[in-house]
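One structure below.
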Amino acid sequence: MSYLVITGPTACGKTTRAVDIARELSGEIISADSRQIYRGMDIGTGKDLDEYGGVPYHLIDICDAGYKYNLYEFLRDEKIARDQISSRGNQPILCGGTGLYVESVLKGLQLPEVPANTNLRNSLEGKTLEELTAILSGMKSLHNTTDVDTAKRAIRAIEIAVYYSEHPDEALQATPHPLTDAVVIGIDIDRDSRRQRITSRLETRLEAGMIKEVELLMEQGVSADDLIYYGLEYKYLTLYITGRMSYTEMKNSLETAIHQFAKRQMTWFRGMERRGFTIQWLPWDMPRREFNDRVIALLNKSR
């Protein structure tokens, strides 16, 4: 059975499409969203669980907020979920916009577990993000670790690179085994529509209680630093709640950051195509029946 992947930039409507095709194909959805795994981070990550109806989903709400879930864990959990779905005779559907997760799955990447290195972390503590990025750029990491928008993430990336350099035998596990039976659908949305949907969605989420959601997480013991680590909504709302930004500054900065994030996502997907991955781009506003028929035809062709 071919593996169906539905991806694209934020606000393009991936979940709606994945749920719709899952209903038609007896499918189960595996999330490829690096933040939807956390419990209590619902509005800010756009889980929209009501939208799934009776469609089974995986890798959503599997960790407490504050935990640092990593690529190794995702690849392990994704493979388990995919094998279980296939064993039931159902269609596995990977859906999400975290490019690193999607590409790593398609590569068939397998990573050794990298433990914490307390001494290394202590030695890097206090360095600026720019200094950490410079250190990382001078090292050869065996998997793509571009997500260094906070110091904590950069330290973790350095930690992984050091571990690989010190354990070359284990690092050989990272040799990829590309999937040959995946059908990758990209939801293609024009820039203006994407920007309009991002702006509208942000307003809706703020009205739905996104600030209260972050306040509740902090009341439950999730630190401000951990929330900032998760980026975008959680970063800027935490800065507002802790008094480091005004509401207007927070909202404007967050909206800009989401637009920039969507642009980086598209850069990643275009990079995937240059690296040899075939993405079938279908219009975001394509009629439902036409979209599903096209996806089914591509799946049948790949068999």
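Summary table
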{"item": "In segment 124-137, residue farthest from Arg76 (Cα to Cα) [restricted to those that are open to solvent by less than 70 Å² (accessible area, probe 1.4 Å) and out of contact with any Leu (no Cβ under 8 Å at 6 or more places or on another chain)]", "result": "Thr128"}
{"item": "Residue tally, condition farther than 14 Å from Lys68 by Cβ and either surrounded by 10 or more Cβ atoms within 10 Å (Cβ to Cβ) or touching a helix residue (DSSP H, G or I) at 6+ places or on another chain (Cβ under 9 Å) (or both), over segment 112-121", "result": "2"}
{"item": "Which listed residue is more than 17 Å from the chain's Cα centre (by Cα), modelled with pLDDT under 80, under 25 Å from Ile37 (Cα atoms) and not basic (Lys, Arg), from Pro176, Pro168", "result": "Pro176"}
{"item": "Enumeration of residues in segment 225-235 that are in a helix (DSSP H, G or I) and crowded, with 17+ Cβ neighbours inside 10 Å", "result": "Asp226, Leu227, Ile228, Tyr229, Leu232, Glu233, Tyr234, Lys235"}
{"item": "Residues located in segment 54-72, provided they are open to solvent by 20 Å² or more (accessible area, probe 1.4 Å), more than 15 Å from Met41 (Cβ to Cβ) and under 14 Å from the mean Cα position of the chain (by Cα)", "result": "His58, Asn70, Tyr72"}
{"item": "Met250 open to solvent by less than 30 Å² (accessible area, probe 1.4 Å), free of Cβ contacts under 8 Å to residues at least 60 places away in the same chain and not in a loop (DSSP other than H, G, I, E, B)", "result": "yes"}
{"item": "Candidate set: segment 1-53, residues that are of a type in the set (Lys, Arg) and farther than 27 Å from Lys235 by Cβ; chosen: the one most open to solvent (accessible area, probe 1.4 Å)", "result": "Arg23"}
{"item": "Set Met245, Met286: member being closer than 30 Å to Leu4 by Cα, more than 18 Å from the chain's Cα centre (by Cα) and open to solvent by less than 50 Å² (accessible area, probe 1.4 Å)", "result": "Met286"}
{"item": "Matching helices (runs of 4 or more DSSP H) fully within segment 98-142 where at least 2 residues are free of Cβ contacts under 8 Å to residues at least 60 places away in the same chain and among the aliphatic types (A, V, I, L, M)", "result": "118-124, 129-137"}
{"item": "Checklist (1) of a type outside the set (Asp, Glu); (2) at pLDDT 85 or above; (3) buried (at least 18 other Cβ atoms within 10 Å of the Cβ) applied to Ala161, failing item", "result": "(2)"}
{"item": "Members of segment 266-278 that are open to solvent by less than 30 Å² (accessible area, probe 1.4 Å) and touching a helix residue (DSSP H, G or I) at 6+ places or on another chain (Cβ under 6 Å)", "result": "Met272"}
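The values are calculated or read from the model by the stated rules, or taken from the named source; none is laboratory data. No experiment lies behind these values; they were computed from the predicted model shown. Positions of Cβ are generated from backbone atoms using ideal geometry, with glycine treated the same way; all protein chains shown enter the neighbour counts. These area figures cover heavy atoms from the full protein model, side chains too; ligands, DNA and RNA do not enter into them. Shrake-Rupley method; radii C 1.70, N 1.55, O 1.52, S 1.80 Å.
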